[in-house]
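Data first, discussion second: the structure below is written as C-alpha cells.
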Amino acid sequence: MKRARWRAVLVLPFLFLLGGCVERTAVLNPQGPVARMQYDLIMWSVGFMLFIIVVVFTLFAVFLIRYREKPENAGYEPPDEEGNTLLEVVWTAIPILIVAALAVPTVKATFALEKPPTEKVKPITIHVTAANWKWIFSYPEENIETVNYVHIPAGVPVKFKLTSVGPMNSFWVPELGGQKYAMDGMETELILQADKPGSYMGRSANFSGEKFAHMEFEVVAQTGTDFRKWVNEVKQTAPKLDEKKYTQILKPGIVGRMTFSNTHLEWIDHAKQNSHHGNDHSMKNENQSDEAMTESHHHGE
Amino acid sequence: MKWSEFFVTGEPLIYAADVAIVLTMVGIVFVLTYFKKWKWLWNEWLTTVDHKKIGVMYIICAVLMLFRGGVDALLMRAQLTAPNMKFLDAQHYNEIFTTHGTIMILFMAMPFIIGLMNIVVPLQIGARDVAFPYLNALSFWLFFFGALLFNISFVIGGSPDAGWTAYFPLAGNEFSHGVGNNYYAVALQISGIGTLMTGINFLVTILKMRAPGMTLMRMPMFTWTILITCVLIIFAFPVLTVALALMTFDRLFDTQFFTMANGGMSMLWANLFWIWGHPEVYIVILPAFGIFSEVVSTFAGKRLFGYKAMVGSIVGIAFLSFIVWVHHFFTMGAGPAVNSAFSITTMAIAIPTGVKIFNWLFTLRKGKIRFTTAMLWSLAFIPNFVIGGVTGVMLAMAAADYQYHNSYFLIAHFHYVLIAGTVFACFAGLHYWYPKMFGHILNERLGKWTFWLFMIGFNICFFPMYFLGLMGMTRRMYTYSDGLGWTPLNVVATVGAVLMGIGFIVLCYNIYYSARYGERDMTGDPWNGRTLEWATASPPVHYNFPVTPVVEDLDAYWVMKKKYGGFHVKEEDLKPIHMPSNSGRPFWMSVAFFVAGFGLVFKWFALAIVGALFIVLGLILRSFEDDDGYYIPVDEIKRMERAARKGA
C-alpha cells in the first residue's frame, strides 16, 4: 500500500490543522470494508483538494504582496490586458483532469457499494424500520426483533432493508459506512460490514421531528458463534411481540432497548404499505401507523 | 381558536421579544408623528417607483433580517456549546433552525442581492429606471409583506419547525399540526411571486434598456451576472410556486400530494424543492461573483482579466445548476447510475468556477491593489470560497457523500460558500456602492474592524464544523451527549459565532457613525470607478442621467475618463425626461396579499377571500389606469443638475 502512505502524508497537515484535538472517530475511523472504501475515496480527494488550495493560496499571497499599492509605485499605471488564451486553457484543462481523476473512482465506488464487499460469505438480511423516534430491527430469517440496538456477525455483509413508518430518517453508522434514507412506503437497501467484533454508534442523520436527536442505536458486531449464541438466547428468553405492543412502540416518543422472539413483519411490512405500491388497500392494519402518530407536541416557540 | 394558541406563550424569550416588538412599533409611530414624517414616508418611500429607493428599502430589510437570522444562529450556538444544554428545548430549537435557514436564504440573501441590483443595474447600463417601475414596486412590497408574514410566526401562532427544506411527510398535517408550516407555504409563496416578477423585470431591463453602444459583450460583469440570474429565477421560481401550492393544498385542504397515506409521495417534494433549490443557491451566488468582479477590477485598477471566459463561465454554471439537484439526496437510493451521473455534473461545476477564481487572481496580477474595505471583503472571498468549493467537490462524490450527507461537514461547506460567497459580496457591495446610495462613504476604519472580526469569527465558527461532521455530528441535533468528544470544537465554534455577532454590531454602528460624520462624496466617483454608475452624482438625481451616455467599450466610464476626462453634459443637449409616476397601489395590494395570506395560515377563509378581492380590485384598477408618467421640463433638469453637481 505504497500509494496509501503517500496519500496519508498529503493528508496529515489537513488533520493537524486543528492541533490534534480531533480524535480518530467515526468517518475517520473505518471499521469495515464499506467505510474503508469511502475513507480511501475521501483521502484520495483530500489530496487533490489540498493541491488546489496550495496553488490558489500561493498565487493569492504572491499577487497581493507584489502588486499592492505602495509609495514606490505611485506613478504605476496597470496595463489593460484582456486575458491570456494560453493561461485560460491551462486553468480550464487542469480542473477537467482533476474532475476526471475524482470521477472515475467515485463512479467505481458508487457501483461497488451496492454489492456486498465479499462474495465468499452469504450476507444476512435485517429489516430496519424508523419510527418516531426509535429504530426497529427485524431479522426475518432468525425471526427475532430488537429496538434501538442491533447485533451483527463480524466479517459478514449485512443487507439492511430500510423503511420508515413516519418522517424520513437516515440510517448512519459512520464507522461501518455511509448512510441511506429510510422512507415511508419505500424500501432502500444499505450494505455494511464490520471487520471485527466491537460496538459502533449509529444514529439518524435526517431530521424527523422533535426528539430526532435521540434516535441513536448501537451496532454490536460479534463473532459468528457469539452471534448464533445471542440469537438462540433471544429466541428462548425474549417475549413475543404482538400487534398491540407494536402499536404502543410506534407511538411518538422515546423507548429504551427491547428484544422480541418474533418480528412485526408477520403482520405488516411498512415498506409495502403505501398505496403507490399497486393500491394494495387490503393490507392488514392499514390504519395502524396513522393511529400511532396522532399526538403532536407542538407547543409553539 | 383560543388566544393562548393564537399568541405563542410559555417562553421567557418570546415574552421579551413581544415587549421589544411593541416598544419598537410605538417608538416608530412616535418618531414619525413627532417629526411629522408620515406624509414624507408615504410620498417618498411607500409609493415610490424609483429603483434606487426600492433598492435601499430592500437592503434595509435585508440587514434587519440578517439581525433576525443572526440572533437565531447565536441562540443555536448557545444551545450547542456544551453537551446536554437546557437553554432551548427540542421544539424551540427546531423552530429556530428552520427560521434561521429560511430567513437567511430567502429574506436576507435574496433581498440584499436584489437591493444591490435594483440600485446598480439601471445605473450601470445607463438607464433611467427599470423596464416596469410599477411592477418593481409591487415586487418589493410582495417580498416585504411575505417576509413580515413569515416573521410574525414566532409570536403569533408558532414558527415552522420542519427545517428550511420542509421535507414531507414531516412538514405535512400528519406530523406538523400547528400553523407554523402554513406560514412557510404562504409567506414564501407571496415573496416568491415578487421575486419572479423581479426576474422578468430585470431581464427585460437589461435586454432592452442598455445605453447606445453597450453591446452584450460590453456589459459590466455585475450586469451580466444579474442577466443570467434573472434567467435562473424565471426558470426556477415557477417550480417553487407549484411546490408551495401543492404543499398549501396538502396542509389546508387535505390533498395527498406528499403525504404517507393515499398514494402521496414525499420524494416528490424533495425533488421539486431542490429543482428550485439548487438554482436558487446560484441565484444568490452569481450576483456575488458579479460584485467581486466589479470590486476587484476597480481596486486593482485593471480591466477584468478574461472577460469573455468569465461570461462563458457564468452561463455554464447557470446551465449546470439545473442538472445537479439530485446531489442533495444521493442517499435516497436512486441507484448508482443516477448518482454517478449527478456526481459528475456536480463536479463539473468546479471547472467554470475554477476558471473564474483564476481570472480574478490574474486581474490582481500586475495591478495596483488598494485595500479598501470593499476590496478586503472581495479578496477574503477567494481563499474562503475555495475552501467551501473544494469541500463541495468532495460532497459531490456520491460514494463519499454517504459519509458527509446531513453531517456538520455539509453545514460547514454550505456556510463557507454562502457566507464567503454571498454574504461577503453583500458587504463588499454595500461598502462599494454605499456612497452611490446615500452620498457619503462608510467609515473605512470601522469597516475594517467589521471585516476582520467577522471574517476571523467566520473561520473560527465554521472550520471546526468540517471535523465535527467527520466525527459523526449530524445537522439539526438540538443537543448531544457527553463523551462523544464533540464538546471542544463546539465551544470553539460558538466563540467564532460571537465574533461574527460583534462584527455585525460594529457594522450597524458604522452606518450610524458615517451618516453623522462620514466623508461626503461630492465627486460621484469616490473609488476611481470604471462603470457608468460612477458617472452620476452621489446619490444620483432620480432620473439618473440628464442625457443618455454613449458607450464605446467595456468599462464605459473608464474609457470616458481616459478619452474625454469624464462624462460631460452640455445644457443645450438636454431634452425633457419622461419618468414614471408614483403609485400607492403596489403597497396596498401587497397589504391585501398579507391579509389573504394571514387568513390562509389560520384557515380563516372569510378573511382570505376579503384579501383576495382587494387583490383583484387592484388588478382591475391597474388595467384601466391611464397614467403614462410625466415629463421633467428642461429648466427643471438644469436646476437639479446644478444642485447635484455643486460640489464637483
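What the table shows:
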{"read-out": "Test for B:ASN201: is it at pLDDT 95 or above, surrounded by fewer than 24 Cβ atoms within 10 Å (Cβ to Cβ) and not hydrophobic (A, V, I, L, M, F, W, C)", "value": "yes"}
{"read-out": "Condition check for B:THR165: farther than 30 Å from B:ALA556 by Cβ, surrounded by 24 or more Cβ atoms within 10 Å (Cβ to Cβ) and within 14 Å of chain A (Cβ to nearest Cβ)", "value": "no"}
{"read-out": "Matching residues, segment B:508-535, being within 22 Å of B:ILE60 (Cβ to Cβ), at pLDDT 95 or above and touching a Leu at 6+ places or on another chain (Cβ under 8 Å)", "value": "B:TYR509, B:ASN510, B:ILE511, B:TYR513, B:SER514, B:GLU533"}
{"read-out": "Filtered residues of segment B:528-553 (kept if surrounded by 22 or more Cβ atoms within 10 Å (Cβ to Cβ) and among the hydrophobic types (A, V, I, L, M, F, W, C))", "value": "B:LEU532, B:TRP534, B:ALA535, B:ALA537, B:VAL551"}
{"read-out": "Some residue of segment B:625-647 being assigned by the TED database to the domain that holds B:ASN173, aromatic (Phe, Trp, Tyr) and over 29 Å from B:LEU142 (Cα atoms)", "value": "no"}
{"read-out": "In segment A:71-89, the residues that are more than 8 Å from every other protein chain (Cβ to nearest Cβ), surrounded by 11 or more Cβ atoms within 10 Å (Cβ to Cβ) and either more than 25 Å from B:ALA556 (Cα to Cα) or hydrophobic (A, V, I, L, M, F, W, C) (or both)", "value": "A:VAL89"}
{"read-out": "So A:THR163, is it over 16 Å from B:SER407 (Cβ atoms), at the interface with chain B (Cβ under 7 Å from one of its Cβ atoms) and among the β-branched types (Val, Ile, Thr)", "value": "no"}
{"read-out": "Among (1) under 18 Å from the mean Cα position of the chain (by Cα); (2) hydrophobic (A, V, I, L, M, F, W, C); (3) at pLDDT below 90, the one test that A:MET37 misses", "value": "(3)"}
{"read-out": "In segment A:42-69, the residues that are hydroxyl-bearing (Ser, Thr, Tyr) and assigned to a helix (DSSP H, G or I)", "value": "A:SER45, A:THR58"}
{"read-out": "Which numbered condition A:MET258 misses (of (1) under 28 Å from the mean Cα position of the chain (by Cα); (2) within 19 Å of A:THR125 (Cβ to Cβ))", "value": "(2)"}
{"read-out": "Residue among B:ASN151, B:ASN173 that alone is under 27 Å from B:SER583 (Cα atoms) and surrounded by fewer than 24 Cβ atoms within 10 Å (Cβ to Cβ)", "value": "B:ASN151"}
{"read-out": "Top-ranked residue of segment A:194-235 - restricted to ones that are of a type in the set (Gly, Ala, Ser) and crowded, with 20+ Cβ neighbours inside 10 Å, ranked as farthest from the chain's Cα centre (by Cα)", "value": "A:GLY209"}
{"read-out": "Answer from B:THR241, B:THR215, B:THR205, B:THR198 - the residue that is touching a Gly at 6+ places or on another chain (Cβ under 9 Å) and of a type in the set (Ser, Thr, Tyr)", "value": "B:THR241"}
{"read-out": "Selection status of B:MET375, surrounded by fewer than 24 Cβ atoms within 10 Å (Cβ to Cβ), farther than 30 Å from A:ALA26 by Cβ, within 12 Å of chain A (Cβ to nearest Cβ) and in contact with a helix residue (DSSP H, G or I) (Cβ under 7 Å, 6 or more places away or on another chain)", "value": "yes"}
{"read-out": "Test: residue in segment B:44-57 that is among the aromatic types (Phe, Trp, Tyr) and within 28 Å of the chain's Cα centre (by Cα)", "value": "yes"}
{"read-out": "Qualifying residue in segment A:38-53 (condition: farther than 21 Å from B:THR353 by Cβ and of a type in the set (D, E, K, R))", "value": "yes"}
{"read-out": "Looking only at segment B:296-343, and only at residues there that are crowded, with 21+ Cβ neighbours inside 10 Å and β-branched (Val, Ile, Thr), the one that is nearest to the other protein chains (Cβ to nearest Cβ)", "value": "B:THR331"}
{"read-out": "Helices (runs of 4 or more DSSP H) completely within segment B:1-119 that count 2 or more residues being surrounded by fewer than 17 Cβ atoms within 10 Å (Cβ to Cβ)", "value": "B:3-6, B:12-34, B:51-80"}
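The values are calculated or read from the model by the stated rules, or taken from the named source; none is laboratory data. Fair warning: this is a prediction, and the values are worked out from it, not measured in the lab. Please note: Cβ atoms are built from the backbone with ideal geometry, for glycine as well, and neighbour counts cover all protein chains shown.
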